[in-house]
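Enquirer: Below is a structure I'd like to ask you about.
The values are calculated or read from the model by the stated rules, or taken from the named source; none is laboratory data. Predicted model only: the values in this text are computed from it and were never measured. In case anyone asks, the SASA skips ligands and DNA or RNA and just uses the protein heavy atoms, side chains included. Shrake-Rupley method; radii C 1.70, N 1.55, O 1.52, S 1.80 Å.
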Amino acid sequence: MQHPIHKVTSVKVVSPYQLNIRFSDNEKKLIDFRPVLSGEMYAPLRDVTFFNQVTLDKEVHTIVWPNCADFDPTLLHNWDEYKDELTQRAREW
């Protein structure tokens, strides 16, 4: 069984904590990251100025911040399937 490999091809900040992300299959997602910004890795992203420093890592094909926080591109591509679980986990971080 083959699983698709998703790659982020562009990212744009559209409002505080929200990114418009495009993937190699031309899928687009508008993702609000506020519910998952907890814990050692993601809490610093609550600073809007820091959050807005997101970039595209062309080597691993995902988004990344200066503190090395990132998200798996497949998780981003399928965000609607994972957001509730991630939100719950963030409360525990």
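Enquirer: Considering only protein heavy atoms and a probe of 1.4 Å, how much of the accessible area of the chain is carbon and sulfur, as a whole percent?
Expert: On the way: 2850 of 5960 Å².
That fraction is 48 percent.
Enquirer: In Å², and per residue, what accessible area does the chain have when probed at 1.4 Å with the other protein chains present?
Expert: On the way: 5960 Å² over 93 residues.
Result: 64 Å² of accessible area for each residue.
Enquirer: For region 29-71, I need the span (max minus min coordinate) of the C-alpha atoms along each principal axis, in Å, sorted largest to smallest.
Expert: Principal extents (largest minus smallest coordinate, Cα): 26, 23, 18 Å.
Enquirer: A follow-up question, please. On the first, second and third principal axes, largest extent first, how far apart are the outermost C-alpha atoms of the chain in Å?
Expert: Computed over the chain, the largest-to-smallest principal extents equal 35, 25, 22 Å.
Enquirer: Okay, moving on. Could you please put His6, His61 in sequence from largest to smallest accessible area, using a 1.4 Å probe? Walk me through the numbers on the way to the answer.
Expert: On the way: His6 25, His61 60 Å².
The ordering from most to least exposed comes out as His61, His6.
Enquirer: Relative to the longest principal Cα axis of the chain, at what angle does helix 79-92 sit, 0 to 90 degrees, rounded to 10?
Expert: The angle comes out near 30 degrees.
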